[in-house]
Amino acid sequence: MPSEHNEIETQVKQITEIVTEIADSGHRTIGYFTALPVDGRVSRSWSIYWDDEIDDLFAMADYKVAQILSVLGSEVRLAMLRELIKGPRTAAQLTAELKMQTTGQTYHHLKELQRAGYVSQREGGRFHIEMKVARVYVAALALAANAGALTTENEEE
């Protein structure tokens, strides 16, 4: 395992060097990547925008961006996504795991997650995370960590 960790650390350093080279070249670049086990298999995604493509990002309709991001403004929905990344769950399972009062509350939040494309309901009434959209949640976690979410209250004082 230590040799695997060293290999991954070397690869991360290489990625960092490449990103540094791109930044130093003067090109505008925005991107992310993920490799995360979801539903028993590795979900991989990446997206890289550069130069004129970045103008397209800033030209997106605000309402569309708000629709995708708005569901992430709820602690309950964030907790649901965290649980669903671990594997499919029924509404009753989510209600119990998240210590919610009623399945009605759970369904309300699941409906919002479905509307935005983060989850779908499949066999046996189980809800599954849809990584095509839920990778936004994963990227948001990394961004929240960068913005200070990993800082404990004691560290802030």
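Read the figures in this text as sums done on the coordinates, not as results from a lab. For clarity, every value in this text was computed on a predicted model and none was experimentally measured. With ideal geometry, Cβ positions are generated from the backbone for all residues, glycine too; neighbour counts draw on all protein chains shown.
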Pull up the cross-link candidates among the aspartates and glutamates for LYS64, meaning alpha carbon to alpha carbon under 17 Å and not fewer than 8 places away within one chain.
ASP55, ASP56, GLU112
For the chain, set up a GNM with springs between Cα atoms under 10 Å and report which of ILE129, ILE15, ILE48 has the largest fluctuation.
ILE15
Förster radius 25 Å - calculated FRET efficiency between HIS27 and SER120, Cβ distance, rounded to 0.05:
0.10
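Residue separation times 0.36 nm, minus the C-alpha to C-alpha distance between TYR107 and VAL133: what's the value?
7.4 nm
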Expressed as a whole-number percentage, the relative contact order of segment 21-157 with C-alpha contacts under 8 angstrom and at least six residues apart is 19
Just how far, in whole angstrom, is segment 27-53 from segment 96-157 if you go by their alpha carbon centroids?
19
Pick from VAL42, VAL119, VAL19: which residue has the top mean-square fluctuation in a GNM of the chain where Cα pairs under 10 Å get a spring?
VAL19
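Helices from the chain with mean Kyte-Doolittle at least -1.0 and a Cα length along the axis of 27 Å or more, per DSSP H: which? Intermediate results must be reported in sequence, preceding the final value.
Values: long enough: 2-24 (33 Å, -0.65).
Long hydrophobic helices here: 2-24.
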Label selected from (1) 30; (2) 16; (3) 38, the criterion being percent of Cα pairs over 27 Å apart as computed here
(3)
Taking 51-60, 94-103 and ranking on average Cβ neighbours within 10 Å, highest first, one gets 94-103, 51-60
Under a GNM of the chain (C-alpha, springs under 10 Å), which listed residue has the highest mean-square fluctuation: THR106, THR20, THR34?
THR20
Hey, what did segment 1-59 get for relative contact order, percent, Cα under 8 Å, at least 6 apart?
25
